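Trainee: Would you mind keeping the following structure in view while I ask a few things?
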Amino acid sequence: MKTKIQQQYSGIGSIHFLENILTVNENPFNIFLVTGNFFYQSSLKDTLEPLLASYDVTHFNDFSANPQLDDVRKGISLFKEKECDLVLAIGGGSTLDIAKSINILTAQIYGSSDKVTRYITKELSLKKPGKPFIAVPTTAGTGSEATHFAVVYIDKKKYSLAHPEWMLPDYVVLDPSLTYNLPAKITASTGMDALCQAIESYWSVYSTEESQQYAGEAIPLIWKNLPVAVNNPTPLARESMMKAANLAGKAINISKTTACHAISYPFTSYFNVPHGHAVALTLGEMFVYNAGVNDDDCLDGRGLAHTQKTMQELMAMAGVTSPDDFNHQWCALMDTIGLERRLHKLGLTTEEDIDLIVKNGFNPERVRNNLRVLTERELKKILYRIS
Ligand code: NAD
């Protein structure tokens with residue numbers, strides 16, 4: 001896959017590299033600044049104001065978590081009206097994703113024509129790059145700063161805008177101090193997103209040596225540091241989580257995610273379960289299922305022995321000796337970081353609720369990057385086991 005080289009700045013205080021990026025590299029006329037609402041309660045505003053004082057800034061924060069089509073439309077109008085020439089996105093995955101979508105789509109849309117939906121649904125393909133893009137994640141996290149896609153929801157359905165080069169940010173600033181005030185619940189959920197990404201990437205049929213290297217570094221880092229980051233945060237745990245989330249993003253940028261992600265979206269759309277939490281719900285059981293792969297249902301072209309080795313390596317990284325033990329440890333991890341594991345406690349109380357998840361999250365084609373064939377029947381069994 002052709003991909004661009006990003007300029008990456010990491011470490012505590014690296015937010016100050018923004019000055020260098022802006023004055024030396026880009027010298028923009030009007031910055032499109034995208035932030036979440038938490039921005040107003042954080043010290044980030046005080047840090048940022050002097051850094052941006054000498055530029056025209058158009059601030060966009062009028063969007064909901066898990067970006068919706070109308071939010072993207074609002075952003076495009078503002079971007080066009082103010083003729084912005086650089087995007088600075090500071091926030092969680094929702095912020096980075098909506099900024100990515102607005103930037104690329106603004107470049108495709110001329111005059112008053114509204115083809116936004118047709119680009120998002122891939123009826124039209126992207127023809128032009130957007131403006132220079134600086135990504136500053138404040139959750140650890142989605143790794144969106146390292147991926148070439150952005151999630152947009154239309155009528156509760158998840159779509160992904162993607163381009164191997166143009167959707168990848170040009171600059172990435174990984175400053176762990178921006179996550180110091182991240183509440184425990186959000187730390188837990190976003191951290192589990194990163195861990196699930198890394199695990200799913202590791203077992204994806206599209207994994208490569210490079211993606212497994214990123215994921216293999218991320219998994220033990222998260223396993224060790226996430227409970228600390230949630231329950232007794234230290235600068236080291238925050239820094240490790242930010243690094244690991246970025247590695248997990250780099251891993252899925254190559255391999256994509258698999259079944260746990262695919263079926264997570266309706267948990268978020270219909271039951272308001274935060275993204276990372278929604279993905280984590282099924283991963284323990286899916287681990288057991290995938291470890292049972294055999295010659296008849298192995299989807300990885302590299303063969304059964306390769307997939308068995310993959311699962312063994314994952315068990316070694318988690319420090320467990322069997323798939324059931326992995327599931328057990330997974331449940332213990334979710335308990336330790338305070339994430340509910342049972343579907344009935346998250347509002348899924350009826351058979352219809354489970355059917356809703358299956359109907360909106362299961363598509364045999366979309367789970368074909370999972371190493372073992374996943375049928376609707378098997379997925380239902382998994383969902384009933386965690387209900
Ligand atoms: P989020 O961006 O929705 O943020 C969750 C909450 O945390 C928000 O209320 C936000 O304002 C708050 N917040 C963010 N940073 C904070 C901070 N430092 N201190 C206090 N509060 C803070 O959550 P997320 O999990 O980062 O992103 C989820 C979105 O990312 C989903 O839409 C998901 O589909 C998408 N995603 C994208 C990719 C990708 O590669 N593009 C990958 C995974 C997930």
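The values are calculated or read from the model by the stated rules, or taken from the named source; none is laboratory data. These numbers come from a predicted model, not from an experiment. Cβ coordinates were reconstructed from backbone atoms using ideal geometry, including for glycine residues, and neighbour counts include every protein chain displayed. Just the protein is used for accessible areas: all its heavy atoms, side chains included, with ligands, DNA and RNA removed. Shrake-Rupley method; radii C 1.70, N 1.55, O 1.52, S 1.80 Å.
Trainee: Where a ≥ b ≥ c are the square roots of the eigenvalues of the C-alpha gyration tensor, would you call segment 108-253 rounded, which needs a/c under 1.5, or, failing that, prolate if a/b is larger than b/c, or oblate?
Mentor: Prolate.
Trainee: May I ask you to derive the relative contact order of segment 184-385, considering only C-alpha pairs under 8 Å and at least 6 residues apart, and to give it as an integer percent?
Mentor: Over segment 184-385, the number comes to 28 percent.
Trainee: Dipole magnitude of the chain about its Cα centre, charges +1 at Lys/Arg Cβ and -1 at Asp/Glu Cβ only, in debye to the nearest 20?
Mentor: Magnitude of the dipole: close to 460 debye.
Trainee: While we're looking at this one, here's another question. Express the carbon and sulfur contribution to the solvent-accessible surface of segment 184-385 as a percent, rounded to the nearest whole number, probe 1.4 angstrom.
Mentor: Summing carbon and sulfur atoms, their accessible area is 49 percent of the total for segment 184-385.
Trainee: Per residue and in Å³, how big is the convex hull formed by the alpha-carbon atoms of segment 102-189?
Mentor: 120
Trainee: Within the accessible area of segment 86-160, what % is carbon and sulfur when the probe is 1.4 Å and the other protein chains stay in place?
Mentor: C and S atoms contribute 52 percent here.
Trainee: Once label points are set 7 Å from the Cα along Cα→Cβ at both residue 83 and residue 352, what is their separation, rounded to one decimal in nm?
Mentor: The modelled label-to-label distance comes out at 5.5 nm.
Trainee: What aspartates and glutamates does residue 345 reach when the alpha-carbon gap must be under 15 Å and sequence neighbours fewer than 8 apart in one chain are set aside?
Mentor: Partners within reach: 335, 353.
Trainee: Okay, next question. Volume per residue, Å³, of the convex hull around the alpha-carbon atoms of segment 7-179?
Mentor: Output value, Cα hull per residue: 103 Å³.
Trainee: Return the whole-Å distance between the Cα centroid of segment 72-142 and the Cα centroid of segment 205-251.
Mentor: Here the two parts' Cα centres lie 27 Å apart.
Trainee: Right, next: Compute the normalised compactness of segment 140-198: alpha-carbon radius of gyration over 2.2 N^0.38 Å, N being the residue count.
Mentor: 1.29
Trainee: While we're here: Taking the Cα centre of segment 1-141 as the origin, how large is its charge dipole in debye, to the nearest 20, when only Lys and Arg (+1) and Asp and Glu (-1) carry charge on their Cβ atoms?
Mentor: 660
Trainee: Given 4 °C and 1.567 mPa s, compute D for the chain with the Stokes-Einstein relation, Rh being the Kirkwood radius over Cα pairs; round to the nearest whole µm²/s.
Mentor: Result for D is 61 µm²/s.
Trainee: Counting Lys +1, Arg +1, Asp -1, Glu -1, what net charge surrounds residue 100 among other residues with beta carbon under 14 Å of its beta carbon?
Mentor: Neighbourhood net charge equals -3.
Trainee: Next question, about the same structure. In deg cm²/dmol and to the nearest 500, what is the mean residue ellipticity at 222 nm of the chain if only DSSP H runs of at least 4 residues count, each as -39500 (n - 2.57), divided by the residue total?
Mentor: Result for the chain, helices only: -15500 deg cm²/dmol.
Trainee: Also, quick follow-up: When Rg is the radius of gyration of the Cα atoms in segment 39-87 and Rh is its Kirkwood radius, what does Rg/Rh come to?
Mentor: Rounded to two decimals, Rg/Rh equals 1.01.
Trainee: I want the antiparallel fraction of DSSP beta bridges within the chain, as a percent rounded to 5.
Mentor: So the antiparallel bridges amount to about 25 percent of the total.
Trainee: Using a Gaussian network model of the chain whose springs link C-alpha atoms within less than 10 Å, name the residue from 192, 317, 241 with the highest mean-square fluctuation.
Mentor: 317
Trainee: Hey, can you find the accessible area per residue of the chain for me, probe 1.4 Å, expressed in square angstrom?
Mentor: About 42 Å² of surface per residue is accessible.
Trainee: Right, another one. Looking only at Cα atoms, what is the convex hull volume of segment 184-385 per residue, in Å³?
Mentor: Once divided by residue count, the hull of segment 184-385 is 102 Å³.
Trainee: Sticking with this structure for a sec: Over 18 Å between Cα atoms, which of 185/250; 45/250; 4/250; 250/309; 156/381; 158/380 qualify?
Mentor: Listed pairs above 18 Å: 185/250; 45/250; 250/309; 156/381; 158/380.
Trainee: Rounded, prolate or oblate, given the Cα gyration tensor of segment 271-344, with a/c below 1.5 counting as rounded?
Mentor: In terms of gyration-tensor shape, prolate.
Trainee: From the square roots a ≥ b ≥ c of the eigenvalues of the alpha-carbon gyration tensor of segment 1-91, which class results: rounded (a/c under 1.5), prolate (a/b over b/c), or oblate?
Mentor: Rounded shape, in that the Cα axes give a/c under 1.5.
Trainee: Using 0.36 nm per residue, how much length does the chain from residue 20 to residue 40 gain when fully extended, once their Cα-Cα distance is taken away?
Mentor: 4.8 nm
Trainee: Quick one: check the C-alpha center-to-center distance for segment 1-55 versus segment 310-387, whole angstrom.
Mentor: Segment 1-55 and segment 310-387 have Cα centres separated by 38 Å.
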